[in-house]
Structure formats: structure tokens, C-alpha cells
Amino acid sequence: MGQGDVRFEIRGAAAWLTIDRPDRRNALNDEVIDGLLEGLARAGRGDGVRCVVLTGAGDRAFCAGADLKDTMAPGEGGADRHDLRGKIARLYLALVRHPLPVIARVNGVTLAGGLGLVAASDLAIAADDASFGTPEADLGLWPFMASAVIRRDVSRKAVMELLLTGRRCSASEAERIGLINRAVPRPELDAAIDELVGVVAAKGPLAVRLGKQSFWRSEDMGLDAAMGYLNAMLTVCLQSEDVAEGVSAFLEKRPPSWTGR
């Protein structure tokens with residue numbers, strides 16, 4: 001798939017989505033967002049696909065945020081531009097609600113809406129020379145929609161410092177404050193991604209799908225409502241073929257053979 005400068009490829013158990021605009025630091029425009037949405041939908045339909053890897057082309061940037069030439073372009077009416085800019089919210093929600101775990105492979109500079117992509121992913125591994133920031137305030141803007149997902153990863157004081165100052169933080173600081181799971185030396189980035197894909201892909205696919213769904217849905221519930229909902233999800237999971245297979249495999253000391261049912 002090449003629509004919107006987004007490459008789609010299957011590598012083993014993972015569907016890889018690569019933003020392929022290295023000359024624009026893999027910035028987001030309407031075509032890229034459409035391509036990512038299409039790629040996520042395609043990954044969800046793929047047999048044998050257990051997770052999604054999201055990355056940017058080249059070594060300089062994961063994603064530098066929205067392409068200002070596109071975001072600020074004149075031509076359409078204000079309402080039309082408002083709706084088009086709102087597609088980034090659809091993309092963040094598609095990442096959060098995707099049935100498969102999404103892993104961000106952070107290969108370079110990650111700014112603004114690009115940082116939102118990392119925050120909306122389930123897991124993130126970065127090259128140790130990557131940098132992160134939300135510089136919108138320097139332009140008289142604010143990362144409105146990105147802030148909704150970033151604040152779920154980072155404490156209030158830490159995220160407000162990033163939003164208000166616009167400063168960039170290192171990969172080691174991003175790991176410390178919870179923006180990413182870990183930073184690794186750049187030559188080890190792909191090996192770390194492959195290892196994580198292998199670990200995630202080996203788990204029961206139904207449990208992973210139900211678990212991710214329940215994790216995000218219960219996050220905004222009150223404690224009583226969350227407990228009732230999660231108890232119901234546990235009952236659904238316990239009735240699955242995968243649970244019977246997983247328990248049998250454990251007792252018989254053999255690898256499980258998952259069906260996803």
C-alpha cells in the first residue's frame with residue numbers, strides 16, 4: 001500500500017505502517033492520515049497479524065507533527081478545514097481502539113502531533129538519540145488533540161512543562177516520565193522491536209484483544225463501574241477456547257496452540 005505516502009507491509013506477525021515522507025520529516029498531512037487509517041483497518045483484517053508497528057522512514061524523524069503547509073493552507077471554507085484537521089483525532093482514536101497492540105518504533109525527532117501518535121500507541125521503543133517535544137506554543141498554537149492522549153501517559157506537572165515550554169526532551173527523559181517504554185542504542189532498535197513483537201505475538205490473541213479493549217474502556221469509568229465491567233469481560237474470556245487451551249498447555253508443559261476464539 002502506498003496511499004498517502006504510507007507504506008504497509010507484513011513482517012512475520014506484525015503489520016508495519018511507515019510514514020514515508022522523510023523530506024518533510026514524516027509530517028502529517030491529509031493523505032498521510034488517510035493512509036494510516038487505511039493501514040490500521042487493513043492490519044485488523046490480516047490473518048496471522050498479532051500487532052502493528054508504527055514508524056517513520058529514514059533516521060532523522062519519526063514524525064514532526066502536522067505539516068503546516070497543509071494545516072494552514074487556504075482554499076476551503078473554515079468548516080471544511082476544521083473537519084479535515086479533526087481527522088487527527090480520528091487517527092488517535094483508531095490507534096487507541098485498534099483490536100491489536102500498536103508498537104511505536106521511534107526512530108528520530110518526534111514533535112507535536114507525532115508525539116500524540118506515540119502516546120496513542122500501546123507500547124513505544126525509541127532510539128536513544130531520538131528527541132521529543134510539543135513546540136506549538138512557540139507558534140501561537142497548542143497541541144489540543146495530542147494533549148488528550150499525552151496526558152494519559154505523563155503526570156500533569158511533566159506534561160504541562162512540555163506543553164508550556166515547548167522544550168525538547170531526550171529519549172532517556174521520555175523513558176523516565178513514561179512517554180516511552182524504553183530507549184535503546186540506535187543500532188539495536190530493530191532488534192528490540194522484533195523481540196517485543198515476538199513476545200506480544202506469543203500471547204493468547206483473544207485475551208490480548210479483550211484486554212486492550214477493557215483497559216482503555218475502563219480508564220474513564222468510576223471504580224465501581226470499572227469493576228463491574230471488568231468482571232463481565234473476565235467471564236467472556238473464561239468461556240473462550242483460548243483459555244482452555246492455555247491452561248491445558250500450561251499443565252502439559254507445552255506451547256499453546258491459539259485459535260483466537
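Laboratory data are not the source of any read-out in this text; all were calculated from the coordinates shown. Quick caveat: nothing in here was measured; it's all calculated off a predicted structure. All Cβ positions, glycine included, derive from the backbone under ideal geometry; neighbour counts span all protein chains shown.
Result for the chain in a Gaussian network model with C-alpha springs under 10 Å: among 232, 171, 148, the largest mean-square fluctuation is at 232.
When the chain is described by a simple charge dipole with +1 on each Lys and Arg Cβ and -1 on each Asp and Glu Cβ, the residue from 207, 88, 196 located farthest towards its positive end is 207. Of the GluC sites (Glu not before Pro) found in the range 179-257, the ones in coil according to DSSP and having at most 14 other Cβ atoms within 10 Å of their Cβ are 252.
The ratio of the alpha-carbon radius of gyration of the chain to the globular-protein estimate 2.2 N^0.38 Å is 1.05. In order along the range 180-197, the Karplus-derived 3J(HN,Hα) couplings, from 6.51 cos²θ - 1.76 cosθ + 1.60 at θ = phi - 60°, round to 10, 6, 6, 10, 10, x, 3, x, 9, 4, 5, 5, 5, 5, 4, 5, 5, 4 Hz, and Gly and Pro are given as x.
Along the range 140-156 the Karplus relation, 6.51 cos²θ - 1.76 cosθ + 1.60 evaluated at θ = phi - 60°, assigns HN-Hα couplings of x, 10, 8, x, 4, 6, 4, 4, 5, 8, 4, 5, 7, 9, 10, 5, 4 Hz to successive residues, with x for each Gly and Pro.
Taking other C-beta atoms within 10 Å as the exposure proxy, 169, 63, 237 rank 237, 169, 63 from fewest upward. Taking 0.36 nm per residue of separation and subtracting the Cα-Cα distance, full extension of the segment from residue 224 to residue 261 would add 10.5 nm. The trypsin sites (Lys or Arg not before Pro) of the range 143-212 meeting both criteria, a DSSP state outside H, G, I, E and B (loop) and at most 16 other C-beta atoms within 10 angstrom of the site's C-beta, are 151, 152, 167. Placing +1 at every Lys and Arg Cβ and -1 at every Asp and Glu Cβ, with all other atoms neutral, what dipole size does the chain have around its Cα centre, in debye to the nearest 20? The dipole magnitude comes to about 380 debye. With the cut-off at under 18 Å, measuring from each backbone N in the range 208-243 to a point 7 Å along the Cα-to-Cβ line of residue 93 picks out 213-221.
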